[in-house]
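Only one structure is covered here, and it is reproduced in the block below.
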Amino acid sequence: MVLLLLLPVILAFLGGITAFFIRQNKPRHLVVSIAVFSAAATALLLMFRRPEDIALLQLGGTLALRFGLDETGAFFILTDSLIWCLVQFYAFGYMRHEGGDARFSGFFSLTYGALLALAMAKNAVTLYMCFELMTLLSMPLVLHNGSARARSGAIKYLGYSSFGAALALMGFFLLASGGASLEFSPGGISFPSVSNAVLLSASFLIVMGFGCKAGLVPLQMWLTEAHPVAPSPASAVLSGIITKGGVLAILRVVFYLIGADVLRGTWVQETLKILAIVTVFTGSVLALREQLLKRRLAYSTISQVSYVLFGLFTLNVSGFVGAMLQILFHALAKNILFLAAGSIIFSTGFTRVDELKGVGRKMPVTMWCFAIASLSLIGIPPTGGFVSKWFLAMGALEAGSAVDFAGLVILMLSALMTAFYLLPIVTAAFFPGRDFNAGDYREVEPKMLLPVVVFSALVIVFGILPGGFFQWFSSIAERLL
(Lines give C-alpha, C1' and ligand atoms only; values in the text may rest on other atoms or scores of the structure.)
Protein backbone atom coordinates (compact mmCIF):
# COMPACT_ATOMS: atom_id res chain seq x y z
CA MET A 1 0.00 0.00 0.00
CA VAL A 2 3.03 2.26 0.30
CA LEU A 3 3.11 2.86 -3.44
CA LEU A 4 -0.66 3.36 -3.80
CA LEU A 5 -0.09 7.07 -4.41
CA LEU A 6 2.22 6.33 -7.34
CA LEU A 7 0.02 3.63 -8.87
CA PRO A 8 -1.19 5.96 -11.69
CA VAL A 9 2.43 6.76 -12.57
CA ILE A 10 3.37 3.08 -12.54
CA LEU A 11 0.44 2.15 -14.79
CA ALA A 12 1.29 4.86 -17.32
CA PHE A 13 4.95 3.82 -17.36
CA LEU A 14 4.07 0.13 -17.77
CA GLY A 15 1.78 0.96 -20.69
CA GLY A 16 4.46 3.05 -22.35
CA ILE A 17 7.19 0.42 -21.95
CA THR A 18 4.91 -2.37 -23.17
CA ALA A 19 3.96 -0.40 -26.29
CA PHE A 20 7.52 -0.64 -27.62
CA PHE A 21 7.31 -4.46 -27.75
CA ILE A 22 3.92 -4.96 -29.43
CA ARG A 23 4.19 -5.03 -33.20
CA GLN A 24 0.52 -5.01 -34.24
CA ASN A 25 -1.46 -1.79 -33.94
CA LYS A 26 -4.74 -3.11 -32.50
CA PRO A 27 -3.23 -5.00 -29.54
CA ARG A 28 -0.90 -2.08 -28.88
CA HIS A 29 -3.75 0.41 -28.93
CA LEU A 30 -5.71 -1.80 -26.55
CA VAL A 31 -2.81 -2.13 -24.09
CA VAL A 32 -1.95 1.59 -24.18
CA SER A 33 -5.62 2.55 -23.82
CA ILE A 34 -6.04 0.30 -20.80
CA ALA A 35 -2.85 1.69 -19.23
CA VAL A 36 -3.65 5.36 -19.82
CA PHE A 37 -7.31 5.13 -18.87
CA SER A 38 -6.52 3.01 -15.81
CA ALA A 39 -3.86 5.51 -14.74
CA ALA A 40 -6.32 8.39 -15.20
CA ALA A 41 -9.11 6.60 -13.33
CA THR A 42 -6.79 5.65 -10.47
CA ALA A 43 -5.46 9.19 -10.23
CA LEU A 44 -8.98 10.61 -10.07
CA LEU A 45 -9.94 8.13 -7.34
CA LEU A 46 -6.87 9.13 -5.33
CA MET A 47 -8.00 12.75 -5.54
CA PHE A 48 -10.89 11.79 -3.26
CA ARG A 49 -9.04 9.35 -1.02
CA ARG A 50 -5.88 11.47 -0.62
CA PRO A 51 -3.39 8.84 0.66
CA GLU A 52 -0.52 9.90 2.90
CA ASP A 53 2.65 11.42 1.45
CA ILE A 54 5.46 9.00 0.74
CA ALA A 55 9.25 9.30 0.68
CA LEU A 56 10.31 7.07 -2.18
CA LEU A 57 14.07 7.49 -1.91
CA GLN A 58 16.35 9.20 0.61
CA LEU A 59 19.19 10.88 -1.27
CA GLY A 60 21.13 11.97 1.79
CA GLY A 61 20.69 14.68 4.41
CA THR A 62 17.43 16.55 3.82
CA LEU A 63 17.23 15.47 0.16
CA ALA A 64 14.52 12.94 -0.62
CA LEU A 65 12.08 12.05 -3.38
CA ARG A 66 8.76 12.87 -1.75
CA PHE A 67 5.32 12.58 -3.31
CA GLY A 68 1.90 13.67 -2.13
CA LEU A 69 -1.39 14.96 -3.43
CA ASP A 70 -2.90 18.36 -2.59
CA GLU A 71 -5.61 20.44 -4.26
CA THR A 72 -3.23 22.17 -6.66
CA GLY A 73 -1.75 18.88 -7.78
CA ALA A 74 -5.24 17.40 -8.07
CA PHE A 75 -6.29 20.16 -10.48
CA PHE A 76 -3.30 19.56 -12.74
CA ILE A 77 -3.90 15.80 -12.63
CA LEU A 78 -7.55 16.34 -13.57
CA THR A 79 -6.61 18.59 -16.48
CA ASP A 80 -3.76 16.37 -17.67
CA SER A 81 -5.88 13.22 -17.49
CA LEU A 82 -8.87 14.70 -19.32
CA ILE A 83 -6.70 16.00 -22.14
CA TRP A 84 -4.43 12.95 -22.35
CA CYS A 85 -7.17 10.34 -22.61
CA LEU A 86 -8.97 12.13 -25.43
CA VAL A 87 -5.81 13.03 -27.35
CA GLN A 88 -4.64 9.41 -27.02
CA PHE A 89 -7.91 8.34 -28.65
CA TYR A 90 -7.37 10.86 -31.46
CA ALA A 91 -3.77 9.72 -31.97
CA PHE A 92 -4.79 6.14 -32.78
CA GLY A 93 -6.38 7.43 -35.98
CA TYR A 94 -3.95 10.23 -36.77
CA MET A 95 -0.70 8.27 -36.45
CA ARG A 96 -1.56 6.27 -39.57
CA HIS A 97 -0.63 9.54 -41.30
CA GLU A 98 2.74 9.78 -39.54
CA GLY A 99 3.90 6.20 -39.01
CA GLY A 100 6.00 5.03 -36.06
CA ASP A 101 2.93 4.30 -33.96
CA ALA A 102 4.72 2.06 -31.45
CA ARG A 103 7.38 4.65 -30.70
CA PHE A 104 4.84 7.45 -30.42
CA SER A 105 2.44 5.47 -28.22
CA GLY A 106 5.26 4.43 -25.92
CA PHE A 107 6.68 7.89 -25.31
CA PHE A 108 3.19 9.43 -25.18
CA SER A 109 2.21 7.16 -22.29
CA LEU A 110 5.57 7.62 -20.54
CA THR A 111 5.22 11.41 -20.75
CA TYR A 112 1.80 11.19 -19.14
CA GLY A 113 3.33 9.25 -16.27
CA ALA A 114 6.00 11.91 -15.82
CA LEU A 115 3.33 14.63 -15.73
CA LEU A 116 1.40 12.76 -13.03
CA ALA A 117 4.59 12.43 -10.99
CA LEU A 118 5.32 16.14 -11.46
CA ALA A 119 1.88 17.07 -10.10
CA MET A 120 2.55 14.95 -6.98
CA ALA A 121 6.04 16.32 -6.23
CA LYS A 122 6.24 17.54 -2.63
CA ASN A 123 9.63 19.22 -2.57
CA ALA A 124 12.02 21.04 -4.88
CA VAL A 125 14.25 18.02 -5.50
CA THR A 126 11.34 15.84 -6.61
CA LEU A 127 9.89 18.65 -8.68
CA TYR A 128 13.16 19.21 -10.49
CA MET A 129 13.77 15.53 -11.23
CA CYS A 130 10.21 14.96 -12.48
CA PHE A 131 10.45 18.13 -14.57
CA GLU A 132 13.61 16.88 -16.25
CA LEU A 133 12.05 13.46 -16.77
CA MET A 134 9.06 15.10 -18.47
CA THR A 135 11.45 16.93 -20.84
CA LEU A 136 13.46 13.83 -21.73
CA LEU A 137 10.41 11.64 -22.34
CA SER A 138 8.55 14.24 -24.41
CA MET A 139 11.52 15.15 -26.63
CA PRO A 140 11.11 12.01 -28.82
CA LEU A 141 7.58 13.20 -29.62
CA VAL A 142 9.13 16.25 -31.28
CA LEU A 143 11.81 14.15 -32.98
CA HIS A 144 9.23 11.62 -34.18
CA ASN A 145 9.43 11.82 -37.99
CA GLY A 146 13.25 12.06 -38.00
CA SER A 147 13.46 14.80 -40.63
CA ALA A 148 16.12 17.52 -40.53
CA ARG A 149 13.53 19.98 -39.23
CA ALA A 150 12.38 17.50 -36.60
CA ARG A 151 15.96 16.95 -35.43
CA SER A 152 16.53 20.69 -35.29
CA GLY A 153 13.28 21.24 -33.38
CA ALA A 154 14.08 18.45 -30.91
CA ILE A 155 17.60 19.77 -30.30
CA LYS A 156 16.25 23.27 -29.65
CA TYR A 157 13.53 21.89 -27.38
CA LEU A 158 16.09 19.92 -25.38
CA GLY A 159 18.67 22.73 -25.42
CA TYR A 160 16.32 25.47 -24.25
CA SER A 161 14.77 23.17 -21.65
CA SER A 162 18.18 22.12 -20.32
CA PHE A 163 19.36 25.71 -20.08
CA GLY A 164 16.18 26.68 -18.24
CA ALA A 165 16.53 23.71 -15.90
CA ALA A 166 20.14 24.73 -15.18
CA LEU A 167 18.96 28.21 -14.17
CA ALA A 168 16.36 26.68 -11.86
CA LEU A 169 18.93 24.31 -10.36
CA MET A 170 21.27 27.24 -9.70
CA GLY A 171 18.47 28.97 -7.83
CA PHE A 172 17.73 25.86 -5.78
CA PHE A 173 21.42 25.60 -4.84
CA LEU A 174 21.30 29.18 -3.54
CA LEU A 175 18.25 28.36 -1.42
CA ALA A 176 19.68 25.08 -0.15
CA SER A 177 22.88 26.83 0.94
CA GLY A 178 20.98 28.04 3.97
CA GLY A 179 20.22 24.50 5.08
CA ALA A 180 16.46 24.62 4.31
CA SER A 181 14.72 21.37 3.37
CA LEU A 182 12.93 22.89 0.34
CA GLU A 183 9.75 21.04 1.27
CA PHE A 184 6.60 22.61 -0.18
CA SER A 185 4.18 24.24 2.22
CA PRO A 186 1.17 26.48 1.42
CA GLY A 187 2.30 30.10 1.73
CA GLY A 188 6.01 29.23 1.55
CA ILE A 189 8.68 28.19 4.02
CA SER A 190 11.19 30.12 6.10
CA PHE A 191 14.79 30.76 4.97
CA PRO A 192 16.36 32.27 8.10
CA SER A 193 19.94 31.68 6.96
CA VAL A 194 19.46 33.16 3.47
CA SER A 195 19.72 36.92 2.97
CA ASN A 196 16.85 38.74 1.29
CA ALA A 197 19.01 39.61 -1.73
CA VAL A 198 20.01 35.99 -2.25
CA LEU A 199 16.42 34.83 -1.72
CA LEU A 200 15.11 37.21 -4.38
CA SER A 201 17.90 36.36 -6.81
CA ALA A 202 17.29 32.64 -6.36
CA SER A 203 13.56 33.15 -6.87
CA PHE A 204 14.16 35.02 -10.12
CA LEU A 205 16.55 32.36 -11.44
CA ILE A 206 14.13 29.53 -10.65
CA VAL A 207 11.10 31.23 -12.17
CA MET A 208 13.03 32.20 -15.30
CA GLY A 209 14.35 28.66 -15.62
CA PHE A 210 10.96 26.99 -15.38
CA GLY A 211 9.49 29.86 -17.41
CA CYS A 212 11.40 28.51 -20.41
CA LYS A 213 8.98 25.57 -20.60
CA ALA A 214 6.06 27.99 -20.27
CA GLY A 215 7.37 30.11 -23.16
CA LEU A 216 8.40 33.16 -21.16
CA VAL A 217 10.55 35.71 -23.04
CA PRO A 218 13.48 35.45 -23.78
CA LEU A 219 13.51 31.62 -23.65
CA GLN A 220 10.40 31.00 -25.72
CA MET A 221 11.59 30.26 -29.23
CA TRP A 222 11.71 26.48 -28.84
CA LEU A 223 7.91 26.41 -29.10
CA THR A 224 7.81 27.66 -32.68
CA GLU A 225 10.46 25.14 -33.69
CA ALA A 226 9.06 22.10 -31.86
CA HIS A 227 5.30 22.47 -32.40
CA PRO A 228 5.19 22.55 -36.21
CA VAL A 229 7.41 19.46 -36.69
CA ALA A 230 5.79 17.26 -34.04
CA PRO A 231 2.77 15.10 -34.95
CA SER A 232 -0.42 17.03 -34.23
CA PRO A 233 -1.38 14.98 -31.13
CA ALA A 234 2.07 15.78 -29.71
CA SER A 235 1.73 19.46 -30.70
CA ALA A 236 -1.61 19.55 -28.89
CA VAL A 237 -0.24 18.28 -25.59
CA LEU A 238 3.01 20.25 -25.92
CA SER A 239 0.97 23.42 -26.18
CA GLY A 240 -1.94 22.59 -23.91
CA ILE A 241 -0.30 20.51 -21.18
CA ILE A 242 3.51 20.35 -21.22
CA THR A 243 3.88 24.14 -21.20
CA LYS A 244 1.71 24.00 -18.07
CA GLY A 245 4.39 21.81 -16.51
CA GLY A 246 6.48 24.97 -16.43
CA VAL A 247 3.53 26.88 -14.97
CA LEU A 248 3.06 24.25 -12.24
CA ALA A 249 6.74 24.44 -11.32
CA ILE A 250 6.56 28.25 -11.11
CA LEU A 251 3.38 28.06 -9.03
CA ARG A 252 5.01 25.65 -6.58
CA VAL A 253 8.08 27.84 -6.20
CA VAL A 254 6.22 31.15 -5.83
CA PHE A 255 3.39 30.02 -3.55
CA TYR A 256 4.67 26.86 -1.82
CA LEU A 257 8.40 27.52 -1.43
CA ILE A 258 9.28 31.24 -1.45
CA GLY A 259 5.88 32.66 -0.52
CA ALA A 260 3.90 35.49 -2.10
CA ASP A 261 4.62 37.84 0.83
CA VAL A 262 8.36 37.63 0.16
CA LEU A 263 7.97 38.59 -3.51
CA ARG A 264 5.16 41.12 -3.29
CA GLY A 265 6.35 44.64 -4.17
CA THR A 266 9.91 43.55 -5.00
CA TRP A 267 11.91 43.96 -8.19
CA VAL A 268 11.34 40.25 -8.86
CA GLN A 269 7.56 40.63 -9.02
CA GLU A 270 7.69 43.74 -11.19
CA THR A 271 10.29 42.26 -13.57
CA LEU A 272 8.35 39.04 -13.97
CA LYS A 273 5.12 40.91 -14.69
CA ILE A 274 6.90 43.00 -17.32
CA LEU A 275 8.35 39.88 -18.96
CA ALA A 276 4.93 38.24 -18.99
CA ILE A 277 3.38 41.33 -20.60
CA VAL A 278 6.14 41.49 -23.21
CA THR A 279 5.62 37.78 -23.95
CA VAL A 280 1.86 38.24 -24.38
CA PHE A 281 2.40 41.06 -26.85
CA THR A 282 5.31 39.45 -28.72
CA GLY A 283 3.51 36.15 -29.27
CA SER A 284 0.42 37.89 -30.62
CA VAL A 285 2.37 40.13 -33.01
CA LEU A 286 4.39 37.22 -34.40
CA ALA A 287 1.25 35.09 -34.79
CA LEU A 288 -0.28 37.82 -36.95
CA ARG A 289 2.61 37.58 -39.41
CA GLU A 290 2.91 33.79 -39.59
CA GLN A 291 1.36 31.88 -42.52
CA LEU A 292 2.20 28.31 -41.46
CA LEU A 293 -0.86 27.17 -39.48
CA LYS A 294 0.81 25.16 -36.71
CA ARG A 295 3.53 27.77 -36.27
CA ARG A 296 0.85 30.46 -35.92
CA LEU A 297 -0.78 28.37 -33.22
CA ALA A 298 2.61 27.98 -31.52
CA TYR A 299 3.09 31.76 -31.40
CA SER A 300 -0.42 31.96 -29.97
CA THR A 301 0.63 29.56 -27.22
CA ILE A 302 3.56 31.80 -26.31
CA SER A 303 1.11 34.66 -25.84
CA GLN A 304 -1.73 32.80 -24.13
CA VAL A 305 0.36 30.90 -21.56
CA SER A 306 1.85 34.19 -20.39
CA TYR A 307 -1.69 35.31 -19.55
CA VAL A 308 -1.42 32.61 -16.88
CA LEU A 309 1.96 33.85 -15.68
CA PHE A 310 0.80 37.46 -15.50
CA GLY A 311 -2.16 36.38 -13.36
CA LEU A 312 0.08 34.43 -10.99
CA PHE A 313 2.57 37.30 -10.72
CA THR A 314 -0.16 39.75 -9.59
CA LEU A 315 -0.03 37.79 -6.29
CA ASN A 316 -3.69 38.41 -5.51
CA VAL A 317 -6.76 36.17 -5.35
CA SER A 318 -8.47 37.38 -8.54
CA GLY A 319 -5.29 37.07 -10.57
CA PHE A 320 -4.64 33.59 -9.18
CA VAL A 321 -8.19 32.42 -9.97
CA GLY A 322 -7.93 33.89 -13.47
CA ALA A 323 -4.60 32.13 -14.01
CA MET A 324 -5.98 28.75 -12.94
CA LEU A 325 -9.04 29.18 -15.16
CA GLN A 326 -6.77 30.19 -18.04
CA ILE A 327 -4.74 27.00 -17.53
CA LEU A 328 -7.89 24.92 -18.01
CA PHE A 329 -9.48 26.85 -20.84
CA HIS A 330 -6.28 27.39 -22.77
CA ALA A 331 -5.54 23.65 -22.50
CA LEU A 332 -8.96 22.83 -23.93
CA ALA A 333 -8.92 25.49 -26.66
CA LYS A 334 -5.38 24.88 -27.84
CA ASN A 335 -5.96 21.13 -28.02
CA ILE A 336 -8.99 21.82 -30.20
CA LEU A 337 -6.95 24.03 -32.51
CA PHE A 338 -3.99 21.69 -32.88
CA LEU A 339 -6.17 18.60 -33.29
CA ALA A 340 -8.32 20.46 -35.84
CA ALA A 341 -5.13 21.47 -37.65
CA GLY A 342 -4.05 17.84 -37.56
CA SER A 343 -7.38 16.74 -39.01
CA ILE A 344 -7.01 19.26 -41.83
CA ILE A 345 -3.47 18.07 -42.57
CA PHE A 346 -4.60 14.43 -42.37
CA SER A 347 -7.51 14.94 -44.76
CA THR A 348 -6.19 17.60 -47.15
CA GLY A 349 -2.44 17.93 -46.73
CA PHE A 350 -2.85 21.70 -46.28
CA THR A 351 -0.39 23.27 -43.83
CA ARG A 352 -0.63 26.99 -44.62
CA VAL A 353 -3.28 29.50 -43.59
CA ASP A 354 -3.76 30.71 -47.17
CA GLU A 355 -4.63 27.16 -48.30
CA LEU A 356 -7.65 26.82 -46.01
CA LYS A 357 -10.23 28.63 -48.14
CA GLY A 358 -13.37 26.54 -48.34
CA VAL A 359 -12.23 23.86 -45.90
CA GLY A 360 -15.34 24.52 -43.83
CA ARG A 361 -17.51 23.41 -46.76
CA LYS A 362 -16.07 19.88 -46.65
CA MET A 363 -15.07 19.70 -42.96
CA PRO A 364 -17.80 21.73 -41.20
CA VAL A 365 -17.61 20.02 -37.78
CA THR A 366 -13.84 20.45 -37.57
CA MET A 367 -14.03 24.11 -38.51
CA TRP A 368 -16.94 24.85 -36.17
CA CYS A 369 -14.85 23.43 -33.35
CA PHE A 370 -11.92 25.55 -34.56
CA ALA A 371 -14.23 28.60 -34.40
CA ILE A 372 -15.35 27.81 -30.83
CA ALA A 373 -11.75 27.47 -29.66
CA SER A 374 -10.84 30.72 -31.41
CA LEU A 375 -13.65 32.56 -29.64
CA SER A 376 -12.46 31.17 -26.31
CA LEU A 377 -8.89 32.33 -26.87
CA ILE A 378 -10.18 35.78 -27.80
CA GLY A 379 -12.37 35.82 -24.68
CA ILE A 380 -15.87 35.96 -26.16
CA PRO A 381 -18.78 34.73 -23.99
CA PRO A 382 -20.18 32.17 -23.40
CA THR A 383 -16.85 30.37 -23.88
CA GLY A 384 -14.53 29.64 -20.97
CA GLY A 385 -11.88 32.05 -22.19
CA PHE A 386 -14.14 34.97 -21.31
CA VAL A 387 -14.33 33.85 -17.68
CA SER A 388 -10.57 33.44 -17.26
CA LYS A 389 -9.76 36.76 -18.91
CA TRP A 390 -12.37 38.53 -16.77
CA PHE A 391 -10.64 37.41 -13.58
CA LEU A 392 -7.22 38.22 -15.01
CA ALA A 393 -8.44 41.75 -15.70
CA MET A 394 -9.83 41.99 -12.16
CA GLY A 395 -6.50 40.83 -10.79
CA ALA A 396 -4.66 43.55 -12.73
CA LEU A 397 -7.08 46.22 -11.49
CA GLU A 398 -6.80 45.05 -7.88
CA ALA A 399 -2.99 45.07 -8.03
CA GLY A 400 -3.22 48.66 -9.17
CA SER A 401 0.35 49.49 -10.16
CA ALA A 402 1.35 51.16 -13.41
CA VAL A 403 2.76 47.84 -14.64
CA ASP A 404 -0.54 46.10 -13.88
CA PHE A 405 -2.55 48.74 -15.77
CA ALA A 406 -0.15 48.39 -18.69
CA GLY A 407 -0.68 44.64 -18.48
CA LEU A 408 -4.45 45.10 -18.62
CA VAL A 409 -4.11 47.21 -21.77
CA ILE A 410 -1.80 44.62 -23.38
CA LEU A 411 -4.17 41.78 -22.49
CA MET A 412 -7.02 43.61 -24.22
CA LEU A 413 -4.84 44.45 -27.22
CA SER A 414 -3.65 40.85 -27.42
CA ALA A 415 -7.26 39.64 -27.42
CA LEU A 416 -7.92 41.92 -30.39
CA MET A 417 -4.85 40.58 -32.21
CA THR A 418 -5.99 37.03 -31.44
CA ALA A 419 -9.20 37.82 -33.29
CA PHE A 420 -7.19 39.10 -36.24
CA TYR A 421 -5.02 35.98 -36.56
CA LEU A 422 -7.69 33.33 -35.91
CA LEU A 423 -11.06 34.58 -37.17
CA PRO A 424 -9.93 35.19 -40.79
CA ILE A 425 -9.09 31.46 -40.94
CA VAL A 426 -12.65 30.64 -39.93
CA THR A 427 -14.32 33.13 -42.28
CA ALA A 428 -12.18 32.01 -45.24
CA ALA A 429 -13.00 28.37 -44.45
CA PHE A 430 -16.76 28.95 -44.55
CA PHE A 431 -16.96 31.88 -46.98
CA PRO A 432 -14.18 31.33 -49.51
CA GLY A 433 -15.70 33.24 -52.41
CA ARG A 434 -15.69 31.78 -55.89
CA ASP A 435 -11.98 31.31 -56.58
CA PHE A 436 -11.16 28.31 -54.39
CA ASN A 437 -10.36 24.68 -55.00
CA ALA A 438 -13.13 22.53 -53.54
CA GLY A 439 -10.81 19.51 -53.47
CA ASP A 440 -11.62 15.85 -52.98
CA TYR A 441 -11.52 15.41 -49.21
CA ARG A 442 -13.94 14.98 -46.35
CA GLU A 443 -14.32 15.04 -42.57
CA VAL A 444 -11.98 12.75 -40.64
CA GLU A 445 -13.13 9.50 -39.06
CA PRO A 446 -15.22 9.56 -35.84
CA LYS A 447 -12.37 8.50 -33.52
CA MET A 448 -10.47 11.64 -34.56
CA LEU A 449 -13.51 13.91 -34.63
CA LEU A 450 -15.01 12.94 -31.27
CA PRO A 451 -12.23 14.33 -29.02
CA VAL A 452 -12.37 17.70 -30.79
CA VAL A 453 -16.16 17.85 -30.36
CA VAL A 454 -15.93 16.89 -26.67
CA PHE A 455 -13.29 19.56 -26.00
CA SER A 456 -15.45 22.15 -27.79
CA ALA A 457 -18.50 21.21 -25.73
CA LEU A 458 -16.50 21.51 -22.51
CA VAL A 459 -15.26 24.98 -23.47
CA ILE A 460 -18.88 26.14 -23.68
CA VAL A 461 -20.29 24.16 -20.74
CA PHE A 462 -17.50 25.23 -18.37
CA GLY A 463 -17.81 28.78 -19.69
CA ILE A 464 -21.51 28.88 -18.82
CA LEU A 465 -21.10 27.02 -15.50
CA PRO A 466 -17.71 28.00 -14.06
CA GLY A 467 -18.90 28.26 -10.45
CA GLY A 468 -17.39 25.01 -9.20
CA PHE A 469 -13.95 25.89 -10.56
CA PHE A 470 -14.21 29.42 -9.16
CA GLN A 471 -14.90 28.10 -5.65
CA TRP A 472 -12.13 25.51 -5.93
CA PHE A 473 -9.51 28.00 -7.06
CA SER A 474 -10.64 30.66 -4.59
CA SER A 475 -10.21 28.22 -1.70
CA ILE A 476 -6.69 27.38 -2.89
CA ALA A 477 -5.82 31.05 -3.32
CA GLU A 478 -6.99 31.98 0.15
CA ARG A 479 -4.64 29.44 1.70
CA LEU A 480 -1.69 30.57 -0.42
CA LEU A 481 -2.17 34.32 -0.22
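Quick notes on this structure:
A quick yes/no check of all residues on (1) closer than 30 Å to P192 by Cβ; (2) of a type in the set (G, A, S); (3) touching an Asp or Glu at 6+ places or on another chain (Cβ under 9 Å); (4) touching a residue at least 40 places away in the same chain (Cβ under 8 Å):
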{"site": "E225", "(1), (2), (3), (4)": "no, no, no, yes"}
{"site": "L248", "(1), (2), (3), (4)": "yes, no, no, yes"}
{"site": "T271", "(1), (2), (3), (4)": "yes, no, no, yes"}
{"site": "A276", "(1), (2), (3), (4)": "no, yes, no, yes"}
{"site": "G283", "(1), (2), (3), (4)": "no, yes, no, yes"}
{"site": "A298", "(1), (2), (3), (4)": "no, yes, yes, yes"}
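- Residue match in region 111-119 (condition: modelled with pLDDT of 90 or more, open to solvent by less than 10 Å² (accessible area, probe 1.4 Å), of a type in the set (S, T, Y) and within 28 Å of V452 (Cβ to Cβ)): yes
- Boolean, I250 is aliphatic (A, V, I, L, M) and open to solvent by 10 Å² or more (accessible area, probe 1.4 Å): no
- Condition met for L216 (in contact (Cβ under 8 Å) with a residue 60 or more places away in the chain, open to solvent by less than 10 Å² (accessible area, probe 1.4 Å) and under 17 Å from V308 (Cβ atoms)): yes
- Selected residue (criterion: least open to solvent (accessible area, probe 1.4 Å)) from residues of region 437-481 that are farther than 26 Å from L392 by Cβ and without any contact (Cβ under 8 Å) to a residue 40 or more places away in the chain: P446
- Residues being over 23 Å from S232 (Cβ atoms) and of a type outside the set (S, T, N, Q) - total across region 309-338: 14
- Test: residue in region 317-328 that is open to solvent by 10 Å² or more (accessible area, probe 1.4 Å), in a helix (DSSP H, G or I) and under 30 Å from A176 (Cα atoms): yes
- Residues of region 52-81 satisfying the condition of being in a helix (DSSP H, G or I) and either touching a residue at least 60 places away in the same chain (Cβ under 8 Å) or closer than 16 Å to L251 by Cα (or both): E71, T72, G73, A74, F75, F76, I77, T79, D80
- Scope region 36-83; condition over 22 Å from the mean Cα position of the chain (by Cα) and farther than 16 Å from L3 by Cα; matching residues: F48, L59, G60, G61, T62, L63
- Looking only at residues in region 339-362 that are of a type outside the set (D, E, K, R) and more than 27 Å from the chain's Cα centre (by Cα), the one that is surrounded by the most Cβ atoms within 10 Å (Cβ to Cβ) is V359.
- The number of residues in region 424-436 being crowded, with 17+ Cβ neighbours inside 10 Å and among the charged types (D, E, K, R) comes to 0.
- Scanning region 363-380 for residues that are over 19 Å from the mean Cα position of the chain (by Cα) and within 16 Å of L411 (Cβ to Cβ) returns a single hit, I380.
- If the condition is being hydrophobic (A, V, I, L, M, F, W, C), open to solvent by 60 Å² or more (accessible area, probe 1.4 Å) and in contact (Cβ under 8 Å) with a residue 24 or more places away in the chain, then region 125-166 contributes M129, F163.
- Selection from region 201-234 of residues that are among the polar types (S, T, N, Q) and under 21 Å from V280 (Cβ atoms): Q220, T224
- Residue check: V87 meets all listed conditions (1) crowded, with 24+ Cβ neighbours inside 10 Å; (2) within 25 Å of L63 (Cα to Cα); (3) not acidic (D, E) but one, namely (2).
- Flag for F67 being under 27 Å from H330 (Cβ atoms), touching a strand residue (DSSP E or B) at 6+ places or on another chain (Cβ under 8 Å) and at pLDDT 90 or above: yes
- Considering (1) modelled with pLDDT of 90 or more; (2) surrounded by 19 or more Cβ atoms within 10 Å (Cβ to Cβ), the lone condition that L169 does not fulfil carries the number (2).
- Checked against (1) surrounded by 22 or more Cβ atoms within 10 Å (Cβ to Cβ); (2) over 16 Å from the mean Cα position of the chain (by Cα), S190 passes all but condition (1).
- Apart from one condition, Y421 fits all of (1) open to solvent by 30 Å² or more (accessible area, probe 1.4 Å); (2) among the aromatic types (F, W, Y); (3) closer than 28 Å to G360 by Cβ; the exception is (1).
- Cβ-Cβ contacts under 9 Å between residues 6 or more apart (or on different chains), taken from a first residue in region 361-375 that is assigned to a helix (DSSP H, G or I) to a second residue that is of a type in the set (S, T, Y) and open to solvent by 10 Å² or more (accessible area, probe 1.4 Å), are listed as K362/S347; K362/T348; K362/Y441; T366/S347.
- Residue check, G106 assigned to a helix (DSSP H, G or I), touching a residue at least 12 places away in the same chain (Cβ under 8 Å) and surrounded by fewer than 24 Cβ atoms within 10 Å (Cβ to Cβ): yes
The values are calculated or read from the model by the stated rules, or taken from the named source; none is laboratory data. Only a predicted model underlies this, so the values are computations on that prediction, with no experimental measurement involved. Backbone-built Cβ (ideal geometry, glycine too); neighbour counts: all protein chains shown. Quick note on the areas: whole protein, heavy atoms, side chains included, nothing else; ligands and nucleic acids left out. Shrake-Rupley method; radii C 1.70, N 1.55, O 1.52, S 1.80 Å.
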